[in-house]
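The values are calculated or read from the model by the stated rules, or taken from the named source; none is laboratory data. The structure displayed is predicted, hence computed values, not measured ones. Glycine also receives a Cβ, built like all others from the backbone with ideal geometry; neighbour counts cover every protein chain displayed.
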Amino acid sequence: MHLEGHHEDGGWLLSTFTLTNRVSWEMMLQAVYAAFEYFADITIFVDDQSVKLESRADVLSIPEARSIGIAGESVVVKEPMIIIFYNQVHFINLRIRCGNDDLRDLDYEGFNKIVCPIVDAIELAMYQEPVPTPVKDDATEETEDAEEEKRAEASAAEPPIPPPPATEPQDSVTPADVPAPGAEPPIPLPPAEASAPPIPSPAPAPRKRSEFRCN
C-alpha cells in the first residue's frame, strides 16, 4: 500500500493508505482475518458497530456491509490501533494513539517504516487463502500434562542404576607382556631338543670253561 499522509488529531495519528488494486468484500474479510496477528484484545466493527464473534474464523462469514474495521492493542507499536476498510473504495484509514512523543514526532518516512510493513502484509493476505488457526482442545492439554506428571513420578520412583563392577587386575599380565598396537607378534622359540638316552655299557662276555684236564 501507499501512504498518502498522516497527521495528529485529538491524541491520535490519522493516516490513509491506498490499495494497489480495488478488492471485493470477501478479500477485505481475508485482510481482517490476517490482521488478527498484529492485534491483542481485538474488537471487530461493521458499519461502526461492534460485533460479537465466536472465533476468528467467523470473520470470513460476515455479511457484506459498507465498512469493516479491526481495533485493539498493536503488538508492534504497543499502542491502541484501528484499521478500517471501506467497501467499493480503494483506500483504508489507520489510526494509532499517540501514547508518547516518539510516535507524535514521527515524520512521513519514520511513520511509513513502522506501519507500512503491517498494511503490506495485510494487503497480500487479500490474495491468499486464509490459514486456519490451530485450536488445541483443553481436554487434550490436561491429558498431556497428566501424562508428563506420571512420567516424572515414574522416573523419580525408579532406583538408581548401580555402577559397573571394577575390572579385576590380571596378575600374570604385565605391560611388557601386552604387545603394542600394530606390532608384529614375537617369533616363538624352537622347542628344546630332547636329551639322547644314555648308551648302555656292554654286557661282560661269558667266560669260557677251560678244557685242560689233569690226568
Notebook entry, point to check: What number goes with the only condition from (1) under 16 Å from Leu29 (Cα atoms); (2) surrounded by 15 or more Cβ atoms within 10 Å (Cβ to Cβ); (3) among the hydrophobic types (A, V, I, L, M, F, W, C) that Val51 does not pass?
Noted result: (2)
Notebook entry, point to check: For Ile92, are the conditions met, namely being at pLDDT 90 or above, of a type outside the set (Lys, Arg) and either within 19 Å of Arg22 (Cα to Cα) or touching a strand residue (DSSP E or B) at 6+ places or on another chain (Cβ under 8 Å) (or both)?
Noted result: yes
Check: What are the residue pairs meeting all of these: first residue in segment 1-15, first residue without any contact (Cβ under 8 Å) to a residue 40 or more places away in the chain and closer than 16 Å to His90 by Cβ, second residue of a type outside the set (D, E, K, R) and surrounded by 10 or more Cβ atoms within 10 Å (Cβ to Cβ), Cβ atoms under 6 Å, and 6 or more apart or on different chains?
Finding: His2/Thr18
Check: Out of (1) surrounded by 19 or more Cβ atoms within 10 Å (Cβ to Cβ); (2) more than 37 Å from the chain's Cα centre (by Cα); (3) more than 23 Å from Leu103 (Cβ to Cβ), the odd one out for Ser15 is which?
Finding: (3)
